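What follows is calculated from the coordinates using simple rules that are stated; it is not laboratory data. Here the structure is a predicted model, which is why all the values come from computation and not from measurement. Please note: Cβ atoms are built from the backbone with ideal geometry, for glycine as well, and neighbour counts cover all protein chains shown.
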Amino acid sequence: MVYLSREEVEILNGERGEGLALAMEAVVKVAEVLRAPELVKVSSAHISGVSYRNLGEEGAEFLEELASKGVRFSVPTTVNPAGFDLEAYGEMRVGEEEYELQMRIVRALTLMGARVTLNCTPYLINPPSFGEHLAWAESNAVLYANSVIGARTNREGGPLSVLEAIVGRAPYVGLHTDEGRAPTILVDSSRVRDFVERTGAFSALGYLVGAESKVGVPLLVNGPRNLGIPGNLRLFLAAVGASSSIGMVLVEGVSPEFKRAKGLEQITLEEGDLRSVLERWSSEDYDAVVLGCPHLSPGELAELTSRLKSSKVRKRL
């Protein structure tokens, strides 16, 4: 049974409005399934999966219904990309019909009080502080918040993050708790450190850490000396999230909660495995090059522009 405060009981009973009650009921049910003892107040939320292709008509109508009933987000809330550039959608060959379907979702979220940032890096826009509890639903953002800042959030699903943003609560379980943030596996990257430093293969390193660890909280030791550079960290952590369900990595020299632990299962990463990842990703047969996943910072864009000034594209994309 989930313990609820007096205020939470009032919300659940509908004393603060039908929309809030609906959201609280869903959050409490999730907490019960996860066996969370209580809910925790969150200071911000980040919503993912807001593309119409993800939500469909039922999802769009659900958001519109909430907005029309006056339901508003109770904490600062940002929003992930919406599937295409809302300003340059014509250049992306997105038709007017699909654009309007997407805008229904954007308008509903805006009416509910979201800051429609349409990017996946809320930690650059509204950075949390150490120890803050969040309701974020974007794997790279979750990993960055937990691993680099020391804030606390689980990898929430998009629909759940909407409901958590409304009630300002999340189930107190997993990475919200001290126990859920303890390391579960030791990952030694000493044998690949020089290779990553030399080649900049931070995404491949992250992908391998995630693929080898799969779940839990990896404790990464002997990492590349330049891993702590923000851009490199973002590449590394985004790839961890892509190859696993992990929401936090304790990185030596980076994570504020890093500390050595005894008795952990140990994995040693090999250079051959890293090269295999890069080979699987490499191809000369491509039609497009996508930059910025997660979104590039202004500094990274400036650096990229500088590097490409004297370069030529080998084939038309």
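Please count, across the chain, the pairs of lysine residues with Cα atoms under 23 Å apart that sit 8 or more places apart or on different chains. If you can, show how the numbers build up before the last one.
Working: Lys29/Lys41; Lys29/Lys69; Lys214/Lys259; Lys214/Lys262.
Counting lysine pairs in the chain gives 4.
How large is the charge dipole for region 182-281, taken about the Cα centre, if only the Cβ atoms of Lys, Arg (+1) and Asp, Glu (-1) carry charge, to the nearest 20 debye? Before the final figure, lay out each step's value.
Working: 11 positive and 11 negative charges, 38 e Å.
Using only the charged Cβ atoms, the result is roughly 180 debye.
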| Stretch gain in nm, segment Ile267-Asn222, where the contour uses 0.36 nm per residue and the Cα spacing is subtracted | 15.0 nm
| query | Put a dot 7 Å past each Cα toward the Cβ at Glu300 and Glu212; how far apart are the dots in nm? | reply | 2.4
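Apply 1/(1 + (r/R0)^6) to the Cβ-Cβ distance of Glu279 and Thr199, taking R0 = 22 Å, and write down the FRET efficiency to the nearest 0.05.
Details: r = 13 Å, r/R0 = 0.59.
After rounding to 0.05, the efficiency reads 0.95.
If the viscosity is 1.567 mPa s and the temperature 4 °C, what translational diffusion coefficient in µm²/s does Stokes-Einstein give for region 6-176 when Rh comes from Kirkwood over Cα pairs?
Numbers: Rh = 16.3 Å.
Diffusion coefficient, whole number: 80 µm²/s.
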| field | Cα point-scatterer Debye curve for region 166-317, base-10 log of I(q)/I(0) at q = 0.10, 0.12, 0.16, 0.18 Å⁻¹ | value | -0.42, -0.59, -0.96, -1.14
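Between Lys41 and Ser190, what FRET efficiency follows from the Cβ-Cβ distance if R0 is 41 Å, with the result rounded to 0.05?
On the way: r = 41 Å, r/R0 = 1.00.
In this case the efficiency is close to 0.50.
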| At what distance in nm do the modelled label points of Leu111 and Val289 sit from each other, each positioned 7 Å from its Cα along Cα→Cβ? | 4.3
| Which order do Ile125, Ile185, Ile11 fall in if you start with the one that has the fewest other Cβ atoms within 10 Å? | Ile125, Ile185, Ile11
| task | Between the alpha-carbon centers of region 234-279 and region 10-56, tell me the distance in whole angstrom. | result | 31
| Per the Kirkwood definition applied to all pairs of different Cα atoms, how many angstroms is the hydrodynamic radius of region 117-205? | 14.7
| field | DSSP bridge orientation in the chain - percent antiparallel, rounded to nearest 5 | value | 15
| message | I want to check the label-to-label distance for Glu91 and Ala242. Put each point 7 Å from Cα in the C-beta direction and report it in nm to one decimal. | response | 2.3
| Between Rg and the Kirkwood Rh of region 1-102, both from Cα atoms, what is the Rg to Rh ratio? | 1.07
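If you take the beta carbon distance between Val9 and Ile229 as r and set R0 to 41 Å, what does 1/(1 + (r/R0)^6) give as a FRET efficiency, to the nearest 0.05?
On the way: r = 47 Å, r/R0 = 1.16.
In this case the efficiency is close to 0.30.
As a test of understanding, state the convex hull volume per residue of the chain from its alpha carbons, in Å³. Kindly include the intermediate steps, with their values, before the conclusion.
On the way: hull volume 45.7 nm³, N = 317.
Taking only Cα atoms, the chain has a hull volume of 144 Å³ per residue.
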